[in-house]
Amino acid sequence: MQSIAMTLTVMAVSLGLLCGCGGRSQMSNQVIVQNDTFTLTGDSVIEDTVFAVAIKPDRIETNITMNRLDSLYGHVDSSRVQFTHGRPWRMRKDRPSMMPEYESEQPLVDALYNMSIERIADAIDNNGRFHVTHNISRLYCSIYLSLAALKPHQSMATLRTLVDKDSIIMQREGQWPVVSDHIGWATAAWEVYKTTGDRQWLAYCKHVIEKTLDINSKVLVDHNTGLIHGAGYTTSRPLGVRRMTWMGYNDLFACMSLGNNILTAHAYAILNDMCEELGIESSAEKDAQRLKDAVNQYLWNEDKGFYSSFLYGMAFPHQSPTTDNTSQAMCVLWDIADDERAENLIANTPVSDKGVNVTYPSNNPLEPYFANSSWATTQALWNMAAAYTGNENALRRGLGALYRAQALYQSRGIRMKDVDIDELGTSASNVAMIMHVLFGMKFKPEGIEFEPMVPVGMPGKKTFKGFSYRKSVLDFTLEGTGNDIATITIDGKPLESAFLPCDIEGHHQIAITLKEGTHSTQKVTIHRNEVYLPLTPTVVWNNDTGRIVDYVYGTPYRLSVNGELTDLKDSVFVLPETEGYTEFSVEVSGKYMNGFMSKPLLHYHLTPQIAFFPNAENDTAVINVSVARGGDYLIDIGYRPTGTLDVRNVSANNHPMGTLVMASGNQPDINGLAYSNMLKVKLLKGENVITVSQQKLPKSFTPCEPVHLRVISF
């Protein structure tokens, strides 16, 4: 990287050529963040020979071109790069109405805010709803971040369209229960209520969330861990799928993702709060706590100091070697992680100069913002979590990463062809930094709580005017840096606490002055070079031996035996003798992180017992099974994949045991049979009655043909 002085000189000359003499006479050169990759000041972001600068809060200039992109990131395929905006951003004369105005001594931040509110206004259709993209999870996140406060009625109208005629939240492209992140609707809906106080909306949302959680609890709960089944999304595909090509839909359902479990735990907590608001008794708080405890027991990785993104496997679930940072930030913000764990998580999770990865390590070396593998919504949540834990160092780096990507790329609409860029989410994320980080606004049913945090690199007076809240219009001013409120007044009179009640009416001025307060650890874990997961090995199993087909000499491979790992010395290896049911798999031990395990080999100590399905045409099959001893057994269904997706609820002796999924994508064996996910059940010595009931699915799905139930000694 060039020296800052030299780069600023280059930039100043370039600006003179771009803008003539009409620019600012003096730039705000207070450094917000400086690292090995870029420098962000109050006016500009500079990365090598590329820069973006706010001449005024109503325009951004940049020298970014295709040639400069190529010099920064290597040989970029120009045919895949799109500049969707012909010139750098300029504020329109018709500024969006009913949107708050923000002004500070950091013109670049002001300009990015102004650009964001324009893009938010542009994302509303003629019916007064936000354009719904394929990635519904990011839409829910955007509403939670700031759209609920900025555009509550449009948020409300949009959320209503995502509920079906049975008052159940719609599933992603009909993939439920394999993908089950739709419950994120609850987080967005609750944020809308907190900003509006609309009691009709509250009653409607309580009904929708309750019905959705009820059906999810019947299908998704793992009765052994207490976690929720189903793959999680953070970008456009389930986490890890690109590294585990052996996984079919049945295997994805068997996963228990951090994201789904966090969203579900939060939905239960929200349902409990909604019931309190309505004066209704509820047991949802106990469900939220149960799920919170399960997340901390099974998904926290004590050695690494952060959460694993999911459990996967069959009878012996493995922690994924990746972490999902969107969900990790939610763990902090929603008190899933206790104070010490939250601080450690922010401090120990590896981040790069360009931001926190959506998943770490990355799945793909080329992300939409070229070398930047972070999404704005993920970065915004991470910044809020950093502020929540008092880690100013992490916050400064995070704000720098978010502003860098917006200034260099969003101002020109730069994207990779056929790769979705979430401009609404990016804009909502930027506004969230003003509201939730700098001004520290925390919406609650009873009012607004203030916990501001302003990094030392962003001094000076900040104003946020014209903010509509319920029956009031509020103008905020903020001065100073730090995270401790020295004074807070309303219309010039001191407030007893940093809290504004929800029944406030009329137009008011709230002034906050900060002083340097207490901080947690300022540790940040930086990975200088992009880290990618090792490839998942392909293994051919042959009786008591295995052979790694894509073996690379010098690479450390390890054999997993029911989760216990031993080193392998060669591509061909002998399996150890074991007693009882055993799962064998192979994984690569990487320099920074281990890879995903290969497709497991299942070893049965005793020949599985087969019980054929009756030829009944009804939706429920009753199967009698006799076992020589009582205890835990594994069951699955052998089926002909003649349909698209089939879901069966299983009970043993009238006790619910879980769900078996049959999908068409799983590879049949030589007999033409595929096998569902496995389920651990408790059977009594002697006769047992196993009931298998078909779960109602959308009409787009057709059932598979179950042939037999397989009972495996465990």
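Throughout, read-outs are computed from the coordinates displayed, never taken from laboratory work. Keep in mind it's a predicted model, so treat the numbers as computed, not measured. Quick reminder, even Gly has a Cβ in these numbers, built from the backbone with ideal geometry, and neighbours come from all protein chains shown.
General observations
- The value for the chain of Rg(Cα) / (2.2 N^0.38 Å) is 1.02.
- In terms of the mean number of neighbouring beta-carbon atoms within 10 Å, the peptides 574-584, 389-399 order highest first as 389-399, 574-584.
- Rounded tilt (10° steps) of 185-196 against the dominant C-alpha axis of the chain: 30
- Counted by neighbouring Cβ atoms within 10 Å, the residues ILE670, ILE46, ILE635 run from fewest to most as ILE670, ILE46, ILE635.
- Per-selection Rg to Rh, region 564-661 - Cα, Kirkwood hydrodynamic radius: 1.06
- One chain, two ends: LYS417 and ASN296. Fully extended at 0.36 nm per residue, the span grows by 39.6 nm beyond their Cα-Cα distance.
- P(r), alpha carbons of region 127-337 - 10 Å bins starting at zero, rounded %: 8, 36, 37, 15, 3, 0
- Three principal axis lengths of region 27-176 [C-alpha, angstrom, descending]: 56, 38, 29
- Whole-angstrom Cα spans of region 609-713 along principal axes, big to small: 40, 30, 22
- Local electrostatic count, ALA254, Cβ distance below 12 Å [Lys/Arg +1, Asp/Glu -1]: -2
- Cα-derived Rg to Rh of region 653-708, Kirkwood definition: 1.00
- Sequence-separation-based contact order of the chain, relative, with Cα cut under 8 Å and 6+ spacing, percent: 12
- Extension gain (nm, one decimal) between HIS131 and LYS165, 0.36 nm per residue minus Cα-Cα: 10.2 nm
- Each of SER283, SER309 was scored by other Cβ atoms within 10 Å of its Cβ. Listed from fewest to most, they are SER283, SER309.
- Acute angle (nearest 10 degrees) that the helix 4-19 long axis makes with the longest principal axis of the chain, alpha-carbon atoms: 70
- In a simple Cβ point-charge model (Lys, Arg +1; Asp, Glu -1; nothing else charged), the chain has a dipole of about 1320 debye relative to its Cα centre.
- Remark: C-alpha extents of region 539-603 on the principal axes read 34, 19, 17 Å, sorted largest to smallest.
- Label separation (GLU579 vs THR521): 4.3 nm, computed from points 7 Å beyond Cα along the C-beta direction.
- Rounded to the nearest 20, the Cβ-based charge dipole of region 505-607 about its Cα centre (Lys and Arg +1, Asp and Glu -1) stands at 440 debye.
- Cα pair distances in region 373-520, grouped into 10 Å bins until the bin that holds the longest one, percent each: 11, 39, 32, 15, 3, 0
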